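Structure first, commentary second.
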Amino acid sequence: ELPGFYYDSEKNRYFRLLPGHNNYNPLTKESIQYKVMECKRLRLLEEEEKQKKKTTRAGLNSSVLLQKRQLGLLSSTSYCRLVHELKVNCMQRRKIEIHSPDSSVAGTNNFKIIVADVACERIFTVNDVEHGGCKYGIINLTGLGKESLTVEMYDNLYFTNRKVNSVCWASLTHPDSHLCLMGIAETPGCASLLPASLFSSTNPGDRPGMLCSFKISTAWSCAWCLNPQADNCFSTGLTRRVLVTNVVTGHRQTFGTSSDVLAQQFATQTPMLYNGCRSGEVFSIDVRQRNRKGQSWKAIRLFHDSAVTSIRLLEAEHYLMAADMAGKIKLWDLRTVKCVKQYKGHHNEYAILPLHINEEEGLLTAVGQDCYTRIWSLQDAHLLRTIPSPHPSSKDAIPSVVFSSRLGGSQGVPGLLMAVKQDLYHFSYN
């Protein structure tokens, strides 16, 4: 870069930037970078449409895998993991038609967040409404297995003027029966627990109301506890504190922190709550203990150099994955409190972006601030695929994704769901 000049890659020469000649100069560093990124995105999209993707590992193909499996050189776990790698590289994009009982609703608002339930039968959606606020809905994925890709979307009868920061499924009366929502208004914020049966086409006149809702300071994150020692509890990550609420008894526990809590997850085998903070600290809380002052109640403490935006426990709960605003994704061993792997290529500078771990398939998925969806191998942190967004990159067009080998339930179809702007796409296994 030369001060006072910009480089035009098409003309292969430098041009002088003259100050004061006009009030608006389109040749800014940002506009040039955006133009370069957009050219790269369009080129990648064109390449994906023309040909099938090849695997990023040399010499890996289905016939070699099958031969090694028959010779006993590969365990069944390794074989399944490598087959998923091959399939991920061959996924092709198809647009999904969204049908809604209310025809004025489908495809009119931008998707902000999509979250799948445990069985991947339903997707909870948060959409930005044009005149401010958010609208919620549930998409039923049972139609994905058919030839024509169509899904049913059911909206609730109201929307909120609050922006939703975080959402998670809650299992109160049965698995994934409710939804925890963390909203933020001008002042104050709001935490709500909604029954999932609100979003249904049956008995519209006999719908249950909101189970609980209370006003709080700015809410950043939420998590539901599935451990029987602390059942019916959900946690709220706030500005400089953590609030754990029992929705049946109404009992609340408050834990003061030195920083905003941006990410949370409960362990299932123990009543431990893991928290990721703006300061870069990740710590755990045993929710059975009474409130204490100071930092003495923090059980495990890890540190990143930047704000932690997402944390995910692996199934055995010996490892924790954390992503931060420097674009670093680290796998921590909780027994030795050391970083054992780092997944490179993720891009983030300021956004709160989630991680998606699929241990059965051996995959890690994350969407970057640059709007690219990246998929890594959990085993060796190898970057398997980078998927460009179908829409031009912008702050309000960062895709939200769900990956599963059983989209639509146990008999469902494998692949990646991507919601961006007003569109929903399915990247299906070939």
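The values are calculated or read from the model by the stated rules, or taken from the named source; none is laboratory data. These numbers come from a predicted model, not from an experiment. Backbone-built Cβ (ideal geometry, glycine too); neighbour counts: all protein chains shown. With ligands, DNA and RNA removed, areas are computed over all heavy atoms of the protein, side chains included. Shrake-Rupley method; radii C 1.70, N 1.55, O 1.52, S 1.80 Å.
Tabulated data for the structure shown
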{"item": "Per-residue [θ]222 nm for the chain (sum of -39500 (n - 2.57) over DSSP H runs n ≥ 4, rounded to 500)", "result": "-3500 deg cm²/dmol"}
{"item": "Whole-percent carbon and sulfur share, accessible surface of the chain, 1.4 Å", "result": "50"}
{"item": "Neighbourhood charge, 13 Å Cβ-Cβ cut-off, centred on Q379 and excluding it, Lys, Arg +1 and Asp, Glu -1", "result": "-2"}
{"item": "Placed amide H near N110: partners under 5 Å, 5+ positions off or other chain", "result": "D128"}
{"item": "Point-to-point label distance, K338-W297, nm (Cα→Cβ direction, 7 Å offset)", "result": "3.2"}
{"item": "Residue-count net charge about Y79 - beta-carbon cut-off 9 Å; Lys, Arg +1, Asp, Glu -1", "result": "+3"}
{"item": "Segment 262-353: trypsin sites (Lys or Arg not before Pro) in DSSP coil with no more than 15 other Cβ atoms inside 10 Å", "result": "R288, R290, R292, K293, R335, K344"}
{"item": "FRET efficiency estimate (nearest 0.05) - Cβ-Cβ, T150 to S31, R0 41 angstrom", "result": "0.55"}
{"item": "Probe 1.4 Å, protein heavy atoms only - accessible area per residue of the chain in square angstrom", "result": "50"}
{"item": "Rounded FRET efficiency, nearest 0.05, which uses the C-beta distance separating Q379 from Q289 and R0 of 45 Å", "result": "0.80"}
{"item": "Ranked by how many other beta carbons lie within 10 Å on average, peptides 215-227, 164-176 from highest", "result": "215-227, 164-176"}
{"item": "25 Å Cα-Cα threshold exceeded, pairs from K338/K395; K112/K298; K50/K328; K40/K395; K344/K395; K40/K338", "result": "K338/K395; K112/K298; K50/K328; K40/K338"}
{"item": "Segment 333-430 shape via C-alpha gyration tensor axes, a/c threshold 1.5", "result": "oblate"}
{"item": "Filtered trypsin sites (Lys or Arg not before Pro), segment 221-272: DSSP coil and at most 15 other beta carbons within 10 Å", "result": "R240"}
